[in-house]
1. Give me the net charge for the shell around Gly96: Cβ to Cβ below 11 angstrom, other residues only, Lys and Arg +1, Asp and Glu -1.
2. Past the 21 Å Cα-Cα mark, which pairs from Lys48/Lys71; Lys48/Lys73; Lys48/Lys150; Lys73/Lys150?
3. Reachable aspartates and glutamates from Lys147, Cα under 16 Å, same-chain residues fewer than 8 places away excluded?
4. Please work out the FRET efficiency for the pair Glu106 and Ala58, using the Cβ-Cβ distance as r and a Förster radius of 41 Å; give the result to the nearest 0.05.
5. Residue separation times 0.36 nm, minus the C-alpha to C-alpha distance between Lys159 and Lys48: what's the value?
6. What list of ³J(HN,Hα) values in whole Hz, one per residue of region 42-56 in order, does the Karplus curve 6.51 cos²θ - 1.76 cosθ + 1.60 (θ = phi - 60°) give from phi, with Gly and Pro shown as x?
7. Ranked highest first by average number of other Cβ atoms within 10 Å, how do 51-60, 136-145 line up?
8. Taking square-rooted eigenvalues a ≥ b ≥ c of the alpha carbon gyration tensor, is region 96-164 rounded, prolate or oblate, where a/c under 1.5 means rounded and, failing that, a/b exceeding b/c means prolate?
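Derivation of every value follows stated rules applied to the coordinates shown; laboratory data play no part. Note that the coordinates shown come from a computational prediction; the quantities given were computed from them, not determined experimentally. Cβ sites come from the backbone with ideal geometry, for glycine too, and all protein chains shown count toward neighbours.
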Amino acid sequence: MKFAVRTMIGLMLAFAPGLAGAQATDPDDDKTVIFTPGDPEMAAATAKALASLDEFLALSEAPPSGTDRFKLKVKVRDGNVTEHFWVIPFRRTETGFVGILANQPEEVRNVVLGQNIEFARDDISDWGYTRDGRQVGSFTVCVMFKKMSKEEADYMRDKYGFDC
């Protein structure tokens, strides 16, 4: 079973709330990193995100000044393949959530970039937003930096305001 996780930095930063289409500021910044199911660091990052999900959701519904680009990372399954995508923007519904898929799928074939998707809370694996130009959350991205070259990870940290 494959387990693909997206950094999705360029696209996640290109979205402003309310946009319906996907436009990358730099498509080369959209990276897929493969992890084995149960990877301990990725599992810890996901657990950290989920432990604070309620606080994030409350914040996203009443964003303080200086915050924007609220996003959720969700898993999409296609047979035996799971791929994680950023969803930007998103909103709650009566039965879960809906939002726009902000990555080009590489492993799964049942969704497309820019598609409006519905998902449940159990599908969420991470969250993030920007506060005063710095990234908050995006715990799984910080784990992915460890699998990138130092130069690539430093570039992403500097360009997009990650403190990990």
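1. -1
2. Among Lys48/Lys71; Lys48/Lys73; Lys48/Lys150; Lys73/Lys150, the Cα-Cα distance tops 21 Å for Lys48/Lys150; Lys73/Lys150.
3. Asp29, Asp30, Asp39, Glu41
4. 0.80
5. Stretched fully, the Lys159-Lys48 segment lengthens by 37.5 nm.
6. Values per residue, Gly and Pro as x: 5, 4, 5, 5, 5, 4, 5, 5, 5, 5, 10, 4, 4, 5, 4 Hz.
7. Descending packing order for the listed peptides: 136-145, 51-60.
8. Taking the square roots of the gyration eigenvalues as a ≥ b ≥ c, region 96-164 is prolate.
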